1. Can we say Arg91 is over 18 Å from the mean Cα position of the chain (by Cα), basic (Lys, Arg) and within 23 Å of Arg206 (Cα to Cα)?
2. Out of curiosity, is Gly195 out of contact with any helix residue (DSSP H, G or I) (no Cβ under 6 Å at 6 or more places or on another chain) and at positive phi?
3. Enumerate the pairs (first residue in region 204-227 and on the phi > 0 side of the Ramachandran plot; second residue anywhere and surrounded by fewer than 17 Cβ atoms within 10 Å (Cβ to Cβ) and part of a helix (DSSP H, G or I)) with beta-carbon separation below 9 Å, excluding pairs fewer than 6 apart on the same chain, so at least 6 apart or on different chains.
4. Is there a residue being at pLDDT 95 or above, hydroxyl-bearing (Ser, Thr, Tyr) and not assigned by TED's automatic domain parsing to the domain that holds Gly222 anywhere in region 48-65?
5. Of the numbered conditions (1) in contact (Cβ under 8 Å) with a residue 24 or more places away in the chain; (2) part of a loop (DSSP other than H, G, I, E, B), Asp181 satisfies every one except a single condition; which is it?
6. Restricting attention to region 77-84, does a residue exist that is buried (at least 21 other Cβ atoms within 10 Å of the Cβ) and assigned to a helix (DSSP H, G or I)?
7. Return yes when Arg92 is in a helix (DSSP H, G or I) and in the same structural domain as Leu41 (by TED's automatic domain parsing) and no when it is not.
Amino acid sequence: MQGGLQGGLLARAHADAPGLPRGRNRLPGPAVLQAQRERILRAAIASAAELGYPAMTVADVVRRARVSRTSFYAQFADREDCFFAATAQGRRLMFGQISDAVHAVAGAEGAAEADDITVLRAGLRAYLRFLRDEPAFATVFYLELPAAGRRGGDRLADGQAKLAARTAVWHGRARNGRHPDWPEVPAEVFRALTGATEELVRAKVRAGRVDELPAIEDVIVGLHLRLLTAGSW
């Protein structure tokens, strides 16, 4: 594993930091629980990225998070429950960053004139940069989720479906706006595009070259435009 793999806020572990205060303290109960949960989720991403999901253990997670096993089981049923909560949190943050980037372009002054291709590029750029900045999460999401059995595969497929749905919405708005000449596209094409995009991403992640993800932006944007704007289906 590359040394940079543990980078990113989602994998920030606390093994060398002080644990949360024990016994009576100034933090209210819910705040302590939330702080513990954040530590555990980040430690789970770090552990799964470094060791692989099959080798990830509760003992390693609580050590990295600097919490007790009792605190772990107060919030999660088992290792799998924690792992899926951690990947779900990362996915929410990823989609949030994509939405923010799109809104920053489409919601800016003169939004009615916002170029549709610029909007598409902004979303894809945010997606690639998020994964670059969170290499441990990228590794876990694209390489380790399939190792978590059918449930992990279902989570990965659900994420792909959401990305495809966002692209379909973008395409529909463009066709109903300034690009009525763009072809109507079968729903399967959006899933195929998302699958192709994720395979390009997965290849970089598998090769330990997550930092290079922004460099494939033009390829991915071009692929979308070729299939969604250039011909009749």
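1. Answer is no for this residue.
2. No: the conditions fail for Gly195.
3. Gly208/Gly4
4. Among the residues of region 48-65, at least one is at pLDDT 95 or above, hydroxyl-bearing (Ser, Thr, Tyr) and not assigned by TED's automatic domain parsing to the domain that holds Gly222, which makes the answer yes.
5. (1)
6. Scanning region 77-84 turns up at least one residue that is buried (at least 21 other Cβ atoms within 10 Å of the Cβ) and assigned to a helix (DSSP H, G or I).
7. In short, no.
Conditions tested, residue by residue: (1) more than 30 Å from Thr57 (Cβ to Cβ); (2) surrounded by fewer than 19 Cβ atoms within 10 Å (Cβ to Cβ).
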| residue | (1), (2) |
| --- | --- |
| Arg150 | no, yes |
| Ala161 | yes, yes |
| Ala165 | yes, yes |
| Ala187 | yes, yes |
| Thr194 | yes, no |
| Glu199 | yes, yes |
| Arg209 | no, yes |
| Ile220 | yes, no |
| Gly231 | yes, yes |
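The values are calculated or read from the model by the stated rules, or taken from the named source; none is laboratory data. In this text the structure is predicted, and so the values were computed from the model without any measurement. FYI the Cβ positions are ideal-geometry reconstructions off the backbone, even for glycines, and counts take in every protein chain you see.
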